[in-house]
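Down below is the structure, laid out as structure tokens.
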């Protein structure tokens with residue numbers, strides 16, 4: 001593949017997304033992604049607190065989600081769980097994911113849509129864990145009972161969901177497909193709780209994409225009907 005061909009492909013794949021991010025940075029500069037900055041700071045704070053002897057139980061009580069917990073408690077903890085890094089993974093990975101993907105999403109979609117999609121993706125994973133454990137390990141969509149005690153935190157499901165939604169929204173279909181295939185391969189190779197929750201997050205976001213597409217078609221249909229209507233005569 002020549003450099004010119006690769007350049008044309010990159011412009012076709014990421015051009016619309018690049019222009020949206022560039023416009024936000026040019027017009028709003030440092031104010032382009034305040035929610036993302038706050039999310040990075042919150043994630044860093046929870047990491048610092050949970051590594052203290054006095055702070056670990058506090059973070060667990062406020063943001064640690066397990067499938068064995070009562071549903072109402074898991075739902076209360078889920079919003080903060082997005083910003084509680086997993087203790088067995090380097091915190092810089094979570095911070096980089098939030099800064100990059102949340103930042104791009106906020107500049108393109110706005111802060112409240114970004115948070116909504118992130119929460120839907122995370123909630124889908126949280127709810128799937130309960131369904132998977134109920135199905136059992138013998139079901140291809142099931143999970144072992146021991147996963148009920150696994151602490152499920154971090155932004156990964158939200159990041160995957162946002163990446164897929166951005167790919168659909170801005171025509172980066174190959175990028176979205178690569179993310180989906182990567183998550184499928186993760187489940188095929190590992191088959192762990194996190195990987196299957198990522199697939200649940202993708203499924204939930206694809207439903208959001210379908211709903212948004214239907215809404216866009218209806219909006220265009222109404223606009224076309226209005227523009228094509230004969231003028232009102234007095």
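Taking 0.36 nm per residue of separation and subtracting the current Cα-Cα distance, fully stretching the chain between residue 221 and residue 89 would add 42.7 nm.
Matching the structure-derived mean projected area of the Cα convex hull in nm² against the labelled list (i) 14.4; (ii) 12.3; (iii) 18.8 gives the label (iii). Taken over the range 46-96, the convex hull of the Cα atoms encloses 77 Å³ per residue.
Taking Cα atoms only, the orientation of helix 34-50 departs from the longest principal axis of the chain by about 10 degrees.
Distance between the modelled labels on residue 206 and residue 151, one decimal in nanometres: 3.2 nm (7 Å Cα→Cβ projection). Relative to the current alpha-carbon distance between residue 18 and residue 60, full extension at 0.36 nm per residue lengthens the span by 11.3 nm. The relative contact order of the chain, computed from alpha carbon pairs under 8 Å that lie at least 6 residues apart in sequence, is 21 percent.
Each residue, residue 27 and residue 131, gets one label point 7 Å from its Cα in the Cβ direction; the gap between the two is 3.8 nm.
Is any residue of the range 78-100 close enough, with backbone N under 13 Å, to a label point placed 7 angstrom from the Cα of residue 192 along the Cα-Cβ axis, and if so, which? Output list for this probe position: 86-90. Centre-to-centre, using Cα atoms only, the range 85-103 and the range 12-76 are separated by 9 Å. Helix 193-227 and the longest principal axis of the Cα set of the chain meet at an angle near 20°. Axis of helix 3-28 versus longest Cα principal axis of the chain: the two differ by about 80°, to the nearest ten degrees. Taking 16, 67, 163 as the candidate residues, the one with maximal mean-square fluctuation in a Gaussian network model of the chain, Cα springs under 10 Å, is 16.
None of the figures in this text is laboratory data; all of them are computed from the coordinates on show. Fair warning: this is a prediction, and the values are worked out from it, not measured in the lab. All Cβ positions, glycine included, derive from the backbone under ideal geometry; neighbour counts span all protein chains shown.
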